[in-house]
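> Structure incoming, see below.
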Amino acid sequence: MSGSQVPVAADLAATDDIGWAVRLLAVTPTHEHRDPELLRRWARAADAFGSALAPVACRARIVEHDGGLELGLLARYTSRPPTVELYTDTIDLAERVVDVRGWRDWYPPGSVRAAALAHEAVHVHLHHGPAKAALKRALGHSALRLGRLRVPGHVAGAEEVAAHAYARTVCGLGRSPLLLTAALAADTESGTAPGTTPPPARDARREN
């Protein structure tokens with residue numbers, strides 16, 4: 001998205017949380033030519049799954065440092081050893097973006113860090129427990145069918161959607177962190193982010 005195409009705040013907020021989830025899936029590799037209605041069904045299923053998850057404690061080591069602006073990350077989970085990294089510089093920038101865009105009612109002070117941690121806690125939860133299989137079943141995507149036998153398939157990006165929905169719910173946010181991620185990307189690409197002009201912030205990457 002070029003600077004001249006960056007949506008204004010009202011345009012970003014006009015897309016609902018499911019709409020942002022569909023966009024996330026649409027730009028995920030393997031989904032380039034998927035039916036938009038199928039992506040919407042998956043987005044709704046993943047959002048509902050994440051929203052319904054019981055609170056989970058983060059069972060990984062948590063470290064906080066800067067460097068997120070350079071990487072374009074708010075947070076990241078790595079599995080060897082299990083570690084959640086929270087990037088304080090990007091979190092601080094996101095808090096400033098919330099103020100500039102007038103979204104404080106949706107994202108109370110301190111909620112960006114809380115949501116980033118909650119998001120990564122779900123990735124830890126899905127990586128180490130049976131919940132990943134439950135998410136596959138909830139999505140209803142089949143990798144293989146042999147008569148009555150159905151093997152649930154992986155849907156790339158669905159875990160991200162579920163993690164964002166969980167963070168929105170458990171942190172009591174008015175909107176999904178996906179909207180804030182979109183605002184960070186738009187503002188940094190256009191050079192209008194308050195106080196800095198780094199590369200666009202992206203959803204957390206995981207290294208396994």
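> List the pairs whose first member sits in region 86-112 and is farther than 19 Å from residue 11 by Cα, whose second member is open to solvent by 60 Å² or more (accessible area, probe 1.4 Å) and not polar (S, T, N, Q), and whose Cβ atoms are under 6 Å apart, counting only residues at least 6 apart or on separate chains?
Hits for this filter: 86/64; 88/64; 88/66; 89/66; 91/113.
> Moving on to the next point. What is the one condition in (1) buried (at least 20 other Cβ atoms within 10 Å of the Cβ); (2) at pLDDT 95 or above; (3) under 16 Å from residue 167 (Cβ atoms) that residue 123 does not satisfy?
Exception for residue 123: condition (2).
> While we're on this one: Regarding region 102-109, can at least one residue be identified that is within 15 Å of residue 166 (Cα to Cα) and surrounded by 20 or more Cβ atoms within 10 Å (Cβ to Cβ)?
yes
> So residue 49 fits all but one of (1) at pLDDT below 95; (2) open to solvent by 30 Å² or more (accessible area, probe 1.4 Å); (3) under 19 Å from residue 140 (Cα atoms); what number is the exception?
Of everything listed in (1) at pLDDT below 95; (2) open to solvent by 30 Å² or more (accessible area, probe 1.4 Å); (3) under 19 Å from residue 140 (Cα atoms), residue 49 misses just condition (1).
> Then there's this: Looking at 15, 88, can you tell me which residue is under 22 Å from residue 168 (Cα atoms) and either open to solvent by less than 30 Å² (accessible area, probe 1.4 Å) or of a type outside the set (Ser, Thr, Tyr) (or both)? Please lay out each step first, then the result.
Numbers: 88 fails: either open to solvent by less than 30 Å² (accessible area, probe 1.4 Å) or of a type outside the set (Ser, Thr, Tyr) (or both).
Being under 22 Å from residue 168 (Cα atoms) and either open to solvent by less than 30 Å² (accessible area, probe 1.4 Å) or of a type outside the set (Ser, Thr, Tyr) (or both) holds for just one of 15, 88, which is 15.
> Something else about it: Among the residues of region 52-80, count how many are in a loop (DSSP other than H, G, I, E, B) and crowded, with 16+ Cβ neighbours inside 10 Å. Steps first, answer last, please.
If we filter region 52-80 for residues that are in a loop (DSSP other than H, G, I, E, B), which is where we start, we get 53-60, 66-67, 72, 74, 80.
From what's left, crowded, with 16+ Cβ neighbours inside 10 Å: 53, 56, 58, 60, 72, 74.
Here the count works out to 6.
> Of all residues in region 27-46, how many are closer than 26 Å to residue 118 by Cβ, open to solvent by less than 90 Å² (accessible area, probe 1.4 Å) and assigned to a helix (DSSP H, G or I)?
Result for region 27-46: 6.
> For the list (1) open to solvent by 20 Å² or more (accessible area, probe 1.4 Å); (2) under 17 Å from the mean Cα position of the chain (by Cα); (3) modelled with pLDDT of 95 or more, I need the number of the one condition that residue 94 fails.
(1)
> Quick one: which residue in 138, 143, 185, 156 is in a strand (DSSP E or B) and either open to solvent by 20 Å² or more (accessible area, probe 1.4 Å) or at pLDDT below 90 (or both)?
Values: 138 fails: in a strand (DSSP E or B); 185 fails: in a strand (DSSP E or B); 156 fails: in a strand (DSSP E or B).
Selected residue: 143, the only one of 138, 143, 185, 156 that is in a strand (DSSP E or B) and either open to solvent by 20 Å² or more (accessible area, probe 1.4 Å) or at pLDDT below 90 (or both).
The values are calculated or read from the model by the stated rules, or taken from the named source; none is laboratory data. The model shown is predicted, which means the values in this text are computed figures rather than measured ones. Here Cβ is always computed from backbone atoms with ideal geometry, including for glycine, and neighbour counts include all displayed protein chains. These accessible areas exclude ligands, DNA and RNA; they are computed on the full protein's heavy atoms, side chains included. Shrake-Rupley method; radii C 1.70, N 1.55, O 1.52, S 1.80 Å.
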